1. Considering only region 305-312, I want to know if a residue exists there that is outside any strand (DSSP E or B), farther than 30 Å from residue 112 by Cβ and either in contact with a helix residue (DSSP H, G or I) (Cβ under 7 Å, 6 or more places away or on another chain) or modelled with pLDDT under 95 (or both).
2. Six or more apart or on different chains, Cβ under 7 Å: which pairs go from a residue in region 14-25 that's within 12 Å of residue 67 (Cα to Cα) to one that's modelled with pLDDT of 90 or more and surrounded by fewer than 16 Cβ atoms within 10 Å (Cβ to Cβ)? Could you list them?
3. Please go through region 279-289 and pick out each residue that is touching a residue at least 12 places away in the same chain (Cβ under 8 Å) and assigned to a loop (DSSP other than H, G, I, E, B).
4. Read through the list (1) within 20 Å of residue 203 (Cβ to Cβ); (2) under 32 Å from the mean Cα position of the chain (by Cα); (3) assigned to a loop (DSSP other than H, G, I, E, B), then give the number of the only condition that residue 244 fails.
5. Can we say residue 128 is modelled with pLDDT of 95 or more and surrounded by fewer than 13 Cβ atoms within 10 Å (Cβ to Cβ)?
6. Filter region 247-278 for residues that are closer than 13 Å to residue 301 by Cβ, in contact with a helix residue (DSSP H, G or I) (Cβ under 7 Å, 6 or more places away or on another chain) and not in a strand (DSSP E or B) and give the result.
7. May I ask you to list the residues in region 171-190 that are touching a strand residue (DSSP E or B) at 6+ places or on another chain (Cβ under 9 Å), over 15 Å from residue 320 (Cα atoms) and not in a loop (DSSP other than H, G, I, E, B)?
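The values are calculated or read from the model by the stated rules, or taken from the named source; none is laboratory data. Here the structure is a predicted model, which is why all the values come from computation and not from measurement. Here the Cβ positions follow ideal geometry from the backbone for every residue, glycine too, while neighbour counts run over all protein chains shown.
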């Protein structure tokens, strides 16, 4: 963790015990905003730890805006804090590898930090653990931001914790759930149109994501609109959807000899396999829309695609809006 003090590993979880208890006492009003904390000697005795552990805890709490030190006077609670808050939000990200959304994670963390909050990732990608049980191990959150594999049952589970939450992303959920969406349809339509204009009259094939997700359905709709606007052609049989690597779907598309293949996101690995396993097969002009367009030399996909595009659809900006919406809900709830 970037905000842990130097050599903290050797003291963990000792100093974190102090950190978490001080945060709880600020939340409960035992340590009120602006109040002076007991001395290092007294706290060390109270927690049964050494002085160095308490010093590390103070440094961590100062970095996270909970405390500040007045030389020769002592350590005080940040007077800008409010009783009844932990100043922590959980970013609930179930069922999906959070590494794929690094820019969004950074935007959430930075925005929360600027408002004196700590953002903590809560994911079950590797463990498969129930999200409810994951949260129950640490209930010190003022609210939750929710993204990843989101559905109605998950949101109903979150409601039992009785704290505000906001859903980040385009999901088919009921209107009772606060949601910050990305204008995916219109943005993707406008940007893709320009890439398809050079292929007026040509047959476009597309390897797309899983239409059981609303964001993928919007992407397919945007694709159809962009191709039509550019004057190209994309019959229904040339749009393939996949929830896997896309290799079988790619093979089927290539049998129809399209002029252009558009690949959306993670399905790029299917085309790579096709090129490796069927080098003599049709090789249409290939446009890959992926999160990064600056793949380094020697990349697995280097030279596979004719054009790699990276469309900034405002995901980071939407993440900031979602954090701000969540913090507003927390503020309204505490009034």
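1. So in region 305-312, the residues outside any strand (DSSP E or B) come out as 305-306, 310-312.
Filter once more, keeping what is farther than 30 Å from residue 112 by Cβ: 305-306.
Filter once more, keeping what is either in contact with a helix residue (DSSP H, G or I) (Cβ under 7 Å, 6 or more places away or on another chain) or modelled with pLDDT under 95 (or both): 305-306.
Yes, region 305-312 contains a residue that is outside any strand (DSSP E or B), farther than 30 Å from residue 112 by Cβ and either in contact with a helix residue (DSSP H, G or I) (Cβ under 7 Å, 6 or more places away or on another chain) or modelled with pLDDT under 95 (or both).
2. Between residues of region 14-25 that are within 12 Å of residue 67 (Cα to Cα) and residues that are modelled with pLDDT of 90 or more and surrounded by fewer than 16 Cβ atoms within 10 Å (Cβ to Cβ), the close pairs are 23/140.
3. Applying the first criterion (touching a residue at least 12 places away in the same chain (Cβ under 8 Å)) to region 279-289 yields 281-282, 284-289.
Within region 279-289, 281, 282, 284 meet the criteria.
4. Among (1) within 20 Å of residue 203 (Cβ to Cβ); (2) under 32 Å from the mean Cα position of the chain (by Cα); (3) assigned to a loop (DSSP other than H, G, I, E, B), residue 244 violates only (1).
5. Working: modelled with pLDDT of 95 or more: no; surrounded by fewer than 13 Cβ atoms within 10 Å (Cβ to Cβ): yes.
No, not satisfied.
6. The answer is 270, 271, 273, 274.
7. 188
Conditions tested, residue by residue: (1) under 22 Å from residue 331 (Cα atoms); (2) part of a helix (DSSP H, G or I).
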| position | (1), (2) |
| --- | --- |
| 89 | yes, no |
| 107 | yes, yes |
| 132 | no, yes |
| 138 | yes, no |
| 149 | no, no |
| 153 | no, yes |
| 157 | no, yes |
| 162 | yes, no |
